[in-house]
Amino acid sequence: MSSEISIEALLTRRKKGYSLEAPFYTSEEIFKLDMEIIFGRHWLHVGVEPDVPEPGDVMVVDIGKTSVIVMRDDDMELRAYHNVCRHRGARIILKDKTSVGNLVCSYHQWTYGQDGELLFAEHMGNDFDRKCRNLKKVHIRSVGGLIFICLAEEAPDDIDRMAAAIEPYILPHDLRNCKVAKTVDLIEKGNWKLTMENNRECYHCVGNHPELTIPLFEYGFGFAPDGTNPKRMEHAAKYEALVQSCHAGWEAAGFPSREVERLADVTGFRTERLPLDGAGEAHTKDTRSASRKLLGSIGERKLGALSFWTQPNSWNHFMSDHIVTFSVLPLGPDRNLLRTRWLVHKDAVEGVDYDLNRLTEVWEATNQQDADLVEISHKGTLSPAYEPGPYSPYTEPLVEKFTEWYVGRMSEHLLGKQAAMGVAAE
């Protein structure tokens, strides 16, 4: 970032309806602020309860320089701690996933209970006060089985409102009684905001996602009625009619489906159940279920795909037979980790009830195609010729809402609440 232009000035002059100026994607200084303000003070989606299904199960999540232990205690409660020994700071858990009785630092064997209390620290003398050396807690919350953590001392309390709005949509899919069939980590060579922007539109889908556009209607993200050819208009009209009829039927059957959109909230989110093309059952190449065992008490395969997005770092798809979750964690201004999990019913047997390749092939292909798009976008922002371009008012309004949320959150922390409201009102 040019030393002559401050981030405060960039935020203040941000032009609505346009992509961000290059430093937001390329600057090391702004990346550090992203980690402090966005990823350090908001609720982040980092996993699912089936990642830690049994007492003593532990998962480690790294967010920038911060490492967090997520664990299931003997009472089946979720707990989260900073992965830092209170002796001399060593990492306590070194594996991505493991199972433990207590949390023991391998360096000097300081031992912590599942409640974070320091239980054992040899050679520290009679005056040593163990109570002052318990593990530091991290806020943790499950929303229908999706795990969120917050690194701030005081976490945003509007996650309660999000949970109240979203859980009626996702609980019928009974994520807590699923198992993780596969997890894939993909390093994308671009800024994390480019990944999120790419996810918030389907303008690019027809030209880039031959697998995904078999089940997915691109029109779920909007389209321009003028200039669209008659054949595509007919297809779009079919989709609109399908949305109305499917929503009415699903809701009558007890599956909330209509759009809820609160992307501007501190803990921003959006959900809607979208009809799928063909058989309408799942994100598969033949549009039919990938697993024979349906989730929860669901008895209807043709439930479309319930999309659930959260700001700043996740999107998820809930279908009748499986769930796909996505979380984005930045690794640098030009790299981020996209972690994708596929979940099926906990009793589903691979090779009997589902074929792993068939379950995952659409999104594995789509994720790589999106990673390639993020990479060429990032390279473009490095060019002196780059300047912010206009979003489509028909197919990219949700990209604008992500960008507005980002600018609003950064502005409130850097410019103050009143000034941020002024930026948002321009």
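Would you call residue 7 touching a Cys at 6+ places or on another chain (Cβ under 7 Å) and open to solvent by less than 20 Å² (accessible area, probe 1.4 Å)? No; evaluated as a whole, the condition is false for this residue. Pairing each residue of the range 276-302 that is within 16 Å of residue 360 (Cα to Cα) with any residue that is among the β-branched types (Val, Ile, Thr) and open to solvent by 20 Å² or more (accessible area, probe 1.4 Å), provided the two are 6+ apart or on different chains, yields C-beta distances under 6 Å for 285/214. Considered as a group, the residues in the range 320-363 that are open to solvent by 40 Å² or more (accessible area, probe 1.4 Å) and touching a Leu at 6+ places or on another chain (Cβ under 9 Å) include one that is farthest from residue 293 (Cα to Cα), and that residue is 334.
Looking only at the range 144-165, decide whether some residue is farther than 30 Å from residue 301 by Cα, surrounded by 17 or more Cβ atoms within 10 Å (Cβ to Cβ) and touching a Phe, Trp or Tyr at 6+ places or on another chain (Cβ under 6 Å). Yes: one or more hits.
Applying a threshold of 6 Å to beta carbon distances and a minimum spacing of six or more residues, or different chains, the list of pairs starting in the range 236-262 at a residue that is more than 15 Å from residue 305 (Cβ to Cβ) and in a helix (DSSP H, G or I) and ending at one that is open to solvent by less than 30 Å² (accessible area, probe 1.4 Å) and among the polar types (S, T, N, Q) reads 251/257.
Residue by residue, here is whether (1) modelled with pLDDT under 95; (2) touching a Gly at 6+ places or on another chain (Cβ under 8 Å); (3) under 22 Å from residue 53 (Cβ atoms) holds:
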| site | (1), (2), (3) |
| --- | --- |
| 138 | no, no, yes |
| 164 | no, no, no |
| 212 | no, no, no |
| 222 | yes, no, no |
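Checked against (1) of a type in the set (Gly, Ala, Ser); (2) open to solvent by 10 Å² or more (accessible area, probe 1.4 Å); (3) in a strand (DSSP E or B), residue 296 passes all but condition (3).
When the range 77-131 is limited to residues that are surrounded by 15 or more Cβ atoms within 10 Å (Cβ to Cβ) and of a type in the set (Ser, Thr, Tyr), the one that is nearest to the chain's Cα centre (by Cα) turns out to be 81.
The one condition from (1) more than 22 Å from residue 314 (Cα to Cα); (2) under 30 Å from the mean Cα position of the chain (by Cα) that residue 139 does not meet is (1). Can you pull out every residue in the range 240-276 that is over 28 Å from residue 408 (Cα atoms) and surrounded by fewer than 17 Cβ atoms within 10 Å (Cβ to Cβ)? 240, 241, 244, 245, 248, 249, 251, 252, 253, 254 - these are the residues of the range 240-276 that are over 28 Å from residue 408 (Cα atoms) and surrounded by fewer than 17 Cβ atoms within 10 Å (Cβ to Cβ).
The values are calculated or read from the model by the stated rules, or taken from the named source; none is laboratory data. Model, not experiment: these values are computed from the prediction. Every residue, glycine as well, gets a Cβ built from its backbone with ideal geometry; the counts of neighbours run over all protein chains shown. The protein model used for the area step is the full one, side chains on, heavy atoms only, and it has no ligands, DNA or RNA in it. Shrake-Rupley method; radii C 1.70, N 1.55, O 1.52, S 1.80 Å.
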